[in-house]
Every structure is written in structure tokens, then in C-alpha cells.
Amino acid sequence: MTLHFEAAEFEQRISNARRILAERGLAAILIFAQESHYYLSGYDTTGYVFFQCLVLTADQQPLTLLTRRPDLEQARRTSIIEDIRIWYDREDASPTDELREILAEKGLAGARMGVELDSYGLRAHDYERLKTTLNGWCELEDASSLVRGLRLIKSETELAYVRRAAELADASLLAMLETAGPGAFEGDIAAAGTGAILSGGGEPAPSGPVLGSGDRALLIRSATGFRHLDAQDQLTMEFAGSYRHYCACLMRTVAIGSGSEKHRQMSRVTKDALSAMTEAARPGYPLGKIDDAHRRIYDENSYGDLRMAACGYSLGASFRPTWMDVPPMLYSGNPLLAEPGMVLFLHAILIDSPANLAMSLGHTIIITDSGAEVLSRLKPDYIICT
């Protein structure tokens with residue numbers, strides 16, 4: 001069996017979830033988010049593209065997983081789940097009917113139950129089938145925040161995985177910078193960065209890397225098609241080191257060949273913005289204060305029209321299609337208080353479309369009792385690759 005946490009940690013997580021179920025008057029929760037499966041049981045799969053559901057009751061009944069046959073051994077060998085039920089592919093397959101039978105076995109007819117609606121693991125089509133199957137049989141309500149809220153505050157073991165992911169991210173950036181330069185091929189740069197993570201014992205991140213030069217340096221998302229860097233160019237890289245599915249992100253825009261004074265000035269202000277954001281990430285303070293600092297620095301320096309409307313988000317154990325473990329997002333007015341054990345990615349981004357210039361800096365932090373612990377050991381300085 002491949003487990004990345006001690007049994008006692010899983011037991012505590014399950015106990016905490018059951019306590020919240022009881023507090024909310026819920027008899028059970030139907031869990032569809034792969035991140036929640038992994039957090040509560042260790043179950044590690046990409047099979048969430050098909051219907052699968054983990055049932056956690058408020059009482060002491062064992063976890064029950066309903067999944068497909070290809071994930072039987074996956075569940076047996078990566079999780080603490082003992083009660084694994086299988087639905088089989090056929091023309092008239094109805095996994096929601098089989099789920100209702102499981103719920104009936106657990107005495108949940110007529111009960112109030114939570115369901116993780118905000119999840120890539122529950123397609124709208126499957127939710128409609130679920131509602132039809134359970135209509136009048138029980139009462140469902142959205143409980144997407146229940147397990148996600150528990151996952152916000154990381155344990156010491158989780159933080160150790162995050163720190164290792166940050167080390168891999170640093171190694172990845174150094175490998176990409178070593179490969180970048182006039183005439184370099186973007187595919188080779190991305191391969192160098194990914195290779196550093198894999199050879200260091202990490203795994204491919206849930207998305208990215210976002211990597212683009214020229215006018216594609218202004219893109220915030222990935223776009224297909226690699227190119228060769230020009231003699232004078234810019235290169236934006238946003239990526240995550242990933243270890244045991246825990247992600248730590250970095251972001252950089254660097255100059256190729258030689259940088260312009262305008263680009264340097266954008267870098268100086270962006271560095272100031274990231275510093276102010278990091279200082280604002282303090283326990284007991286609303287997360288919105290981080291974006292307030294982000295906005296203040298950029299707006300005071302006449303870059304308000306070029307910045308983003310938010311400046312980061314939560315990180316944790318994530319699965320495709322994204323490393324973003326949201327909510328929360330870091331936007332002005334977010335009232336959620338920062339707490340020790342939170343892991344956040346802070347990014348400061350300028351997009352000057354008329355000038356065809358981009359500048360970005362980003363790093364991952366852990367909220368501690370005294371403030372923000374920056375995980376990267378690499379300074380956010382202006383870099384020119386020659």
C-alpha cells in the first residue's frame with residue numbers, strides 16, 4: 001500500500017469532517033472532489049473524469065467508495081478505504097442508482113446530506129442524474145466548503161511536502177534560466193524545467209507550465225505552439241513544483257538579450273508590489289489586505305490600468321486541470337482571515353498591451369505565527385538571459 005500520511009492523520013481528518021457534519025445537522029456528505037478523496041483517505045487517481053463518489057457519514061460507519069473497475073486496485077493500494085464498490089460500464093449503467101443502494105444500506109433514506117457541487121469530479125450531467133435518483137428520497141444541500149475548509153490549514157507533514165515542492169520549483173526555474181537565451185526553443189526551456197522536477201522526485205504539476213515569449217509573454221494561460229526566442233525578447237514562466245500532489249508555484253518574466261529601461265522600471269515596481277503583498281500576509285488579517293497592498297503599489301506608480309484584479313490564491317494538494325486550490329482567491333475585500341498553516345501563491349503581474357511588454361513576479365508563502373515565510377530561495381530580481 002502507498003500511503004503518504006500516517007493512519008492517525010487520516011483518522012483526525014475524518015474526525016474533523018464528521019464533527020462539522022454533526023454541527024451542520026448533516027447525516028453524511030457525498031464527496032466528488034478528487035482533492036477531498038486524497039485528503040481523507042489517500043485515494044490517488046485520475047479516474048474522477050468518470051462518476052465516483054466517496055460516502056462519509058457523521059456516525060462511525062466506514063468510508064464507502066463507489067467507482068469503476070479500472071480504479072479498484074488504485075483504491076486498494078493507495079488509500080485506507082476498505083469498502084470499495086464497483087459500477088460497471090454497460091449501455092444501461094446507472095451509478096446513481098447504485099449509490100442510492102449504498103446510502104440505503106447506511107440508513108440514510110430521508111436524511112439531510114451534503115454534496116460537493118463545486119468539483120471537477122461532478123459533471124452537470126451526473127448531478128442532474130443524482131438529483132433525479134434521490135428526488136424525494138433524501139435532502140441534498142451544497143457542502144463544497146466542508147472538506148475544502150479543512151484542507152486550508154496544513155499539517156506539519158503537508159507543509160514538509162510543500163517545502164519540498166518549493167525546492168523543486170527553484171530547481172526548475174534555474175534549469176529554465178540556464179536553457180533560455182537568444183535563439184533558444186521554448187520547448188527545450190519547458191522540458192528543462194519539467195525535467196528538473198521529475199529528476200528531483202516530484203511529479204508533473206496539475207497544469208502548465210505557462211511559458212511564452214514575444215507577444216505570448218503577455219498571456220496568463222498556456223497556449224499551444226512553441227517558438228524560438230528572438231535576439232531581443234521577453235519570456236514569461238509560471239509553473240509549479242509538485243510533490244505528493246502538493247504544489248508550490250513561481251512566476252517570472254525575464255529579458256532576453258538585453259532589457260529596456262521601461263522593462264526594468266516595470267520590474268522594479270513589480271518587485272515592490274510583491275514585497276508589500278508579502279508583508280501584508282499576516283495571521284489575523286483579512287486576505288483582502290494582500291490585494292490592497294498589490295493595488296496600492298501599482299496604482300501609486302501609475303500602473304493601475306496594467307495590473308490584475310486579484311493577486312493570488314490558495315495552494316494545496318491539487319489534481320488536474322489546475323494547481324489552483326480555490327477558493328480562496330486574493331482579491332480586495334476578501335474577509336477571510338489568514339491563519340498559520342495556510343499556503344498562498346502571491347503574484348504581481350503587469351500587461352502593457354500597447355507596448356507589447358509583460359512583467360511578472362510570483363512566489364509561494366506559508367502563513368506562520370509571525371507573518372509570511374517565503375519558500376523560494378531565489379531573489380525576485382530583474383534577470384537578463386544572454
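Brief remarks on what is shown
- Region 261-300 and region 156-210 have their alpha-carbon centroids 25 Å apart.
- Using C-alpha pairs under 8 Å with a sequence gap of at least 6, the mean separation divided by the residue count of region 156-385 gives a relative contact order of 23 percent.
- Sequence-distant lysines (8 or more away, or on other chains) whose Cα lies within less than 19 Å of Lys289: Lys271
- Neighbour counts of other Cβ atoms within 10 Å put Lys262, Lys106 in the fewest-to-most order Lys262, Lys106.
- The residue among His125, Ala281, Met113 whose Cα reaches farthest toward the positive pole of the charge dipole of the chain, with charges on the beta-carbon of Lys, Arg, Asp and Glu, is Ala281.
- Rg ratio (alpha-carbon, reference 2.2 N^0.38 Å) - region 1-101: 1.06
- Dividing the mean sequence gap of close Cα pairs (under 8 Å, 6+ apart) by how many residues the chain holds gives a relative contact order of 14 percent.
- Cβ-defined net charge surrounding Ala281, 12 Å radius [Lys, Arg +1; Asp, Glu -1]: -3
- Within-11-Å neighbourhood charge of Arg151 [Cβ basis; K, R +1; D, E -1]: 0
- Top of Ser267, Ser376, Ser302 by mean-square fluctuation, Gaussian network on the chain, Cα under 10 Å: Ser302
- For the chain, a simple Cβ point-charge model (Lys and Arg +1, Asp and Glu -1, everything else neutral) yields a dipole of about 320 debye relative to the Cα centre.
- The chain: angle of helix 7-23 to the longest principal axis, Cα-based, in degrees nearest 10: 70 degrees
- Given +1 at the Cβ of Lys and Arg, -1 at the Cβ of Asp and Glu and no other charges, the dipole of region 276-386 around its Cα centre is 180 debye to the nearest 20.
- Under 12 Å from the Cα of Lys262 - aspartates and glutamates, other chains or at least 8 residues apart: Asp352
- Ascending count of other beta-carbon atoms within 10 Å, so fewest first, for Ile349, Ile220: Ile220, Ile349
- Positive-end extreme of charge dipole, region 1-50 - chosen from Ala7, Ala28, Tyr43 (charges on Cβ): Ala28
- Translational diffusion of region 326-370, µm² s⁻¹ [Kirkwood Rh, Cα pairs; Stokes-Einstein; 25 °C; 0.890 mPa s]: 193 µm²/s
- Radius 15 Å from Cβ of Val269, net charge of other residues (Lys, Arg +1; Asp, Glu -1): 0
- Rounded tilt (10° steps) of 95-105 against the dominant C-alpha axis of the chain: 50 degrees
- When the chain is described by a simple charge dipole with +1 on each Lys and Arg Cβ and -1 on each Asp and Glu Cβ, the residue from Leu152, Leu56, Leu218 located farthest towards its positive end is Leu218.
- If only the Cβ of Lys and Arg carry +1 and only the Cβ of Asp and Glu carry -1, the dipole of region 7-151 around its Cα centre is close to 220 debye.
- Folded to 0 to 90 degrees: helix 261-280 orientation relative to the chain principal axis, Cα: 40 degrees
Throughout, read-outs are computed from the coordinates displayed, never taken from laboratory work. Values in this document were obtained by computation on a predicted structure and should not be read as measured data. Every residue, glycine among them, receives a Cβ derived from its backbone with ideal geometry; neighbour counts consider all protein chains shown.
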